[in-house]
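The values are calculated or read from the model by the stated rules, or taken from the named source; none is laboratory data. As the structure is a prediction and not an experimental result, all values here were calculated from the model. Cβ: placed from backbone, ideal geometry, glycine included. Neighbour counts: every protein chain shown. With ligands, DNA and RNA removed, areas are computed over all heavy atoms of the protein, side chains included. Shrake-Rupley method; radii C 1.70, N 1.55, O 1.52, S 1.80 Å.
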Amino acid sequence: MRNRILFLLVFCGLITSASAQSDFNRFNFTVGGGLGIGRGEVGSFVGNSYEGVVGGGVNFSRLFGVDAEYMYYDLGLRPSVSQSQSLNDASGNMQSVSLDGIVNVPRHYGKLSAYGIFGIGFYRRSVSANKESLPFGATCQPVWARWWGINCVNGGIVTAQTLSSFSKDAGGFNFGGGVTYRLSRLYNSKLFIEGRYHRAYHSDGQTIVFPITVGLRW
């Protein structure tokens, strides 16, 4: 009798588990883009910009999952900054790869639901400009020192240097949340809007951005 009861319990557990697993997608995918809000030096040098993200991962249950994401964030300088600091043809971007945990809110409101997301990542900030020689004693501009790695002392160039392309790598973290709306088409994918805070600890200072992304999850 005990063996039969044990067998029945195991069998019911397996059926329940299989049924529960069928209630959610085993894998998740994300694609989106939107407005990037710069904070700190990004806010001063760039202001608001654009960004895009793509990712995919695994759902452990209806409540918990993980994903890996790639983000591209434009770092084009403000016109006032590029003109005043002799960087008329400069460009820049930050690219990141992150591993994130996703926590879904259990309660839904019709087709609306919410989630939180947080993770750690690798961030590469890259800038480029027309190659220019900076002579000793030239006045140093703030963005040269911060993002192009130009060595300045007391506001001046201490040795002859070249302004061209420059990249910095760093670790960082992100956290945020969003709201989704389940669509009746496109394989029951979800339209989402999300706000996320990113901070990268570059050796020349922290790079902080806050993208607001609209896209699809499925």
Point to revise | Between 0 and 90°, nearest 10: helix 2-21 axis offset from the chain longest Cα axis | key: 40
Practice item. Leaving ligands, DNA and RNA out of it, report the carbon-plus-sulfur percent of the accessible area of the chain at a 1.4 Å probe. Key: 61
Point to revise | Ellipticity estimate at 222 nm from DSSP helix runs (n ≥ 4, -39,500 (n - 2.57)) divided over the chain, nearest 500 | key: -5000 deg cm²/dmol
Practice item. Mind checking the range 95-172 for chymotrypsin sites (Phe, Trp or Tyr not before Pro) that DSSP puts in a loop (not H, G, I, E or B) and that have at most 14 other Cβ atoms within 10 Å? Key: Phe136
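Below 8 Å, C-alpha to C-alpha, sequence gap of six or more: please give me the relative contact order for the range 119-218 in percent.
Relative contact order here is 26 percent.
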Review point. Mind checking Rg over Rh on the chain, alpha carbons, Kirkwood formula for Rh?
Key: 1.19
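Once you mark the trypsin sites (Lys or Arg not before Pro) that are in a DSSP loop and have at most 10 other Cβ atoms within 10 Å, what is the longest gap between them in the chain?
Answer from the scan: 27-106.
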Point to revise | Accessible solvent surface per residue of the range 61-218, calculated while the other protein chains remain in place, 1.4 angstrom probe, Å² | key: 52
Exercise for review: Report the one residue of Gly101, Gly119, Tyr70 whose Cα lies farthest in the direction of the positive end of the charge dipole of the chain (charges on C-beta: Lys and Arg +1, Asp and Glu -1; origin at the Cα centre).
Suggested key: Gly101
Exercise for review: Kindly provide the pair-distance distribution of the range 144-218 built from C-alpha pairs, with 10 Å bins from 0 and whole-percent values in order of increasing distance.
Suggested key: 16, 28, 22, 17, 11, 5, 1
Study note, to complete from the structure: Computed over the chain, the relative contact order (Cα-Cα under 8 Å, seq sep at least six) in percent reads 19
Exercise for review: Towards the positive end of the charge dipole of the chain, with charges on Cβ (+1 Lys, Arg; -1 Asp, Glu), say which of Ile150, Phe175, Gln206 has the farthest Cα.
Suggested key: Phe175
**Study point:** Reach of Lys131 by Cα under 19 Å, taken over lysines that are not fewer than 8 positions away in the same chain
**Key:** Lys168
